[in-house]
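Asker: Just passing along the structure, written as structure tokens.
The values are calculated or read from the model by the stated rules, or taken from the named source; none is laboratory data. In this text the structure is predicted, and so the values were computed from the model without any measurement. Neighbour counts are summed over all protein chains in view; Cβ atoms, including those assigned to glycine, are modelled from backbone coordinates with ideal geometry.
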Amino acid sequence: MGAGIKVNQETRAFIQDHLQDDLPRLMLLKKRVPEIDYPFAYQQIASRQKAEKKLPFWYSREDLIFPAPLSVEQASSEKSAQYKANLFSGEHLIDLSAGFGVDAFWLSSRFNRLTCVEPNQELCEILKHNFKALNVPNFNIHHTDAEEFIKKFTPEKRENITFYIDPDRRSVQGSKLVLLEDCSPNILDLYFDLIKKGGKVIVKLSPMIDLKQLMNRLPGLAVVYIISVKNECKEVVIQLEDRPKQPSIPIFTVNITDSAPISFNFNSDEEENCSSTFADQVGQYIYEPYSNVLKAGAFKLVGERFRLKKLDHHSHLYTSDEPVAEFPGKIFRVDKVLGWSKGELKQEIQKGGFYHLAVRNFPMSTNALRQQLQIKEGGDQSLFATTLQGKHILILCHLMD
């Protein structure tokens, strides 16, 4: 396996032979194979199973060492890491929360130097081993925490430094954290040191973070990036700079698909200064924005930009009589619009039938409505339960190709 962490041939072979094994059953083999490092092998198999779809390139490399499964869970996906590598470049990248090193690896191709800061000794050893195996040039690793590193760090040229930080968003009990002050390290505590010692500060945050709160609490907020993968919002990434608070912030959003990424970009004041046009009735087509657009809060702007009418103030569904293929979201052809009378529902909704049900601005949960309608999830038809001009309606439709 080259320089770094040493693994004997028997352990290596065992890992590859049992990559797809059921983990509980794998535990039963412990006493049968004394010649292998079983705790190490079990960790590699468990972590590689988690990485197979999330990190296919890393999974394909037999020479790489994987940390505990939790570190794989907390790492960026390969697709989002690759996308971020197209956003940032410079002289010296300092990753203040390197972890497994997924982001650092992809970003390193855009910087001349890479410094990784990581408080966990085991992860430091894994970083060193993997980066050598991956031929990452000009890197060094510091076994310390972000707070201690920043305190001692003095840049030769501040403008050459780009800090990258992905705060730990797990509590000691394992629950997920969202607020800046709850994560570790606390960005608010490090804020002034970061912007004074670096030309740029890139922070990866929870997809649940409140964007308006960020704009109010971080005066140096320069850019916001919202990244979805296959319509699941994965990351909010912000860029901080040493500058006065700006009245409008650029917001770049993307949905990374199996084909081309689909973007929707705007300035925050555009949403504030535009207005929605509301529909009197549902047209021939229904539009549901991708998760990145909804996270960005472009509820009015997305309708205005594509000349669509909104169903209701809080519905965030849009309609038109002609298809708009460029829309950054899903497009549905409307089959029928139903009221809320029992007779109409009984006639049009097949009991025990399969529908993709979605609730948008409706006084029932998806599960409760599915039970009431006695339908199952799946099939070719979609069913939106929503509000149009204050009235509750159901929209039978099907997804366009």
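Asker: Being assigned by TED's automatic domain parsing to the domain that holds I195, closer than 30 Å to E159 by Cα and at pLDDT 95 or above: is that true of I256 here?
Answerer: On the way: assigned by TED's automatic domain parsing to the domain that holds I195: yes; closer than 30 Å to E159 by Cα: no; at pLDDT 95 or above: yes.
Considered against the rule, which asks whether it is assigned by TED's automatic domain parsing to the domain that holds I195, closer than 30 Å to E159 by Cα and at pLDDT 95 or above, I256 comes out as no.
Asker: Can you name every residue in the stretch 193-213 that is aliphatic (A, V, I, L, M) and over 27 Å from T154 (Cα atoms)? Step through it out loud before you land on a result.
Answerer: Going through the stretch 193-213, the residues aliphatic (A, V, I, L, M) turn out to be 194-195, 201-203, 205, 208-209, 211.
Within the stretch 193-213, M208, I209, L211 qualify.
Asker: With the condition being in contact (Cβ under 8 Å) with a residue 40 or more places away in the chain and more than 19 Å from D103 (Cα to Cα), I'd like the strands (runs of 3 or more DSSP E) fully within the stretch 123-230 carrying at least 2 qualifying residues.
Answerer: Working: elements: 139-142, 161-165, 200-205, 221-229.
Fully inside the stretch 123-230 and qualifying: nothing.
Asker: Tally time: how many residues in the stretch 327-353 are part of a loop (DSSP other than H, G, I, E, B), of a type outside the set (A, V, I, L, M, F, W, C) and either modelled with pLDDT of 90 or more or not assigned by TED's automatic domain parsing to the domain that holds H316 (or both)?
Answerer: Residues of the stretch 327-353 part of a loop (DSSP other than H, G, I, E, B): 327-328, 339-341, 349-353.
Then drop every residue that is not of a type outside the set (A, V, I, L, M, F, W, C), which leaves 328, 339, 341, 350-353.
Then drop every residue that is not either modelled with pLDDT of 90 or more or not assigned by TED's automatic domain parsing to the domain that holds H316 (or both), which leaves 328, 339, 350-353.
Final tally of qualifying residues: 6.
Asker: Let me ask something additional. Based on this model, can you work out whether E322 counts as in contact (Cβ under 8 Å) with a residue 24 or more places away in the chain, acidic (D, E) and not in a loop (DSSP other than H, G, I, E, B)?
Answerer: Values: in contact (Cβ under 8 Å) with a residue 24 or more places away in the chain: yes; acidic (D, E): yes; not in a loop (DSSP other than H, G, I, E, B): no.
Spelling it out, it is not the case that E322 is in contact (Cβ under 8 Å) with a residue 24 or more places away in the chain, acidic (D, E) and not in a loop (DSSP other than H, G, I, E, B).
Asker: Turning to a different aspect of this structure: Among the residues of the stretch 325-352, write down those that are without any contact (Cβ under 8 Å) to a residue 60 or more places away in the chain, under 33 Å from the mean Cα position of the chain (by Cα) and surrounded by 14 or more Cβ atoms within 10 Å (Cβ to Cβ).
Answerer: F327, G329
Asker: Please indicate, with yes or no, whether at least one residue in the stretch 210-226 is closer than 16 Å to G297 by Cα, touching a Phe, Trp or Tyr at 6+ places or on another chain (Cβ under 6 Å) and not hydrophobic (A, V, I, L, M, F, W, C). So that I can check it myself, show each step before the final result.
Answerer: Within the stretch 210-226, the subset closer than 16 Å to G297 by Cα is 210-216, 223-226.
Next cut, touching a Phe, Trp or Tyr at 6+ places or on another chain (Cβ under 6 Å) only: 225.
Applying the additional criterion that residues be not hydrophobic (A, V, I, L, M, F, W, C) yields 225.
Yes: one or more hits.
Asker: Residues in the stretch 224-268 that are closer than 15 Å to I202 by Cα and surrounded by fewer than 17 Cβ atoms within 10 Å (Cβ to Cβ): how many?
Answerer: Here the count works out to 3.
Asker: If a residue must be of a type in the set (G, A, S), at pLDDT 95 or above, in a helix (DSSP H, G or I) and out of contact with any helix residue (DSSP H, G or I) (no Cβ under 6 Å at 6 or more places or on another chain), how many such residues does the stretch 60-110 contain?
Answerer: Final tally of qualifying residues: 4.
Asker: While we're on this one: How many of the residues making up the stretch 71-102 are of a type outside the set (F, W, Y) and without any contact (Cβ under 8 Å) to a residue 40 or more places away in the chain? Give the derivation first.
Answerer: Step one: of the stretch 71-102, the residues of a type outside the set (F, W, Y) are 71-82, 84-87, 89-99, 101-102.
So of that shortlist, the ones also without any contact (Cβ under 8 Å) to a residue 40 or more places away in the chain come out as 72-73, 75, 78, 81-82, 85-86, 89, 101.
Number of matching residues: 10.
Asker: K152: over 28 Å from E122 (Cα atoms) and not acidic (D, E), yes or no?
Answerer: Details: over 28 Å from E122 (Cα atoms): no; not acidic (D, E): yes.
Taking the combined requirement at face value, the residue does not satisfy it.
Asker: Where residues in the stretch 377-395 are in a strand (DSSP E or B) and among the polar types (S, T, N, Q), which of them is farthest from Y318 (Cα to Cα)?
Answerer: From the stretch 377-395, those in a strand (DSSP E or B) are 377-388, 391-395; that's our starting set.
Subsequent filtering for residues that are among the polar types (S, T, N, Q) retains 381-382, 386-387.
Values: Q381: 18, S382: 15, T386: 11, T387: 11 Å.
My answer is Q381.
Asker: Quick one: count up the residues across the stretch 46-63 that are in contact (Cβ under 8 Å) with a residue 40 or more places away in the chain and more than 17 Å from H18 (Cβ to Cβ). Explain how you work it out, then say what you get.
Answerer: Taking the stretch 46-63 as the starting set, the residues that turn out to be in contact (Cβ under 8 Å) with a residue 40 or more places away in the chain are 55, 58, 61-63.
This time we only want the ones that are more than 17 Å from H18 (Cβ to Cβ), so: 55, 58, 61, 63.
Of the residues in that region, 4 qualify.
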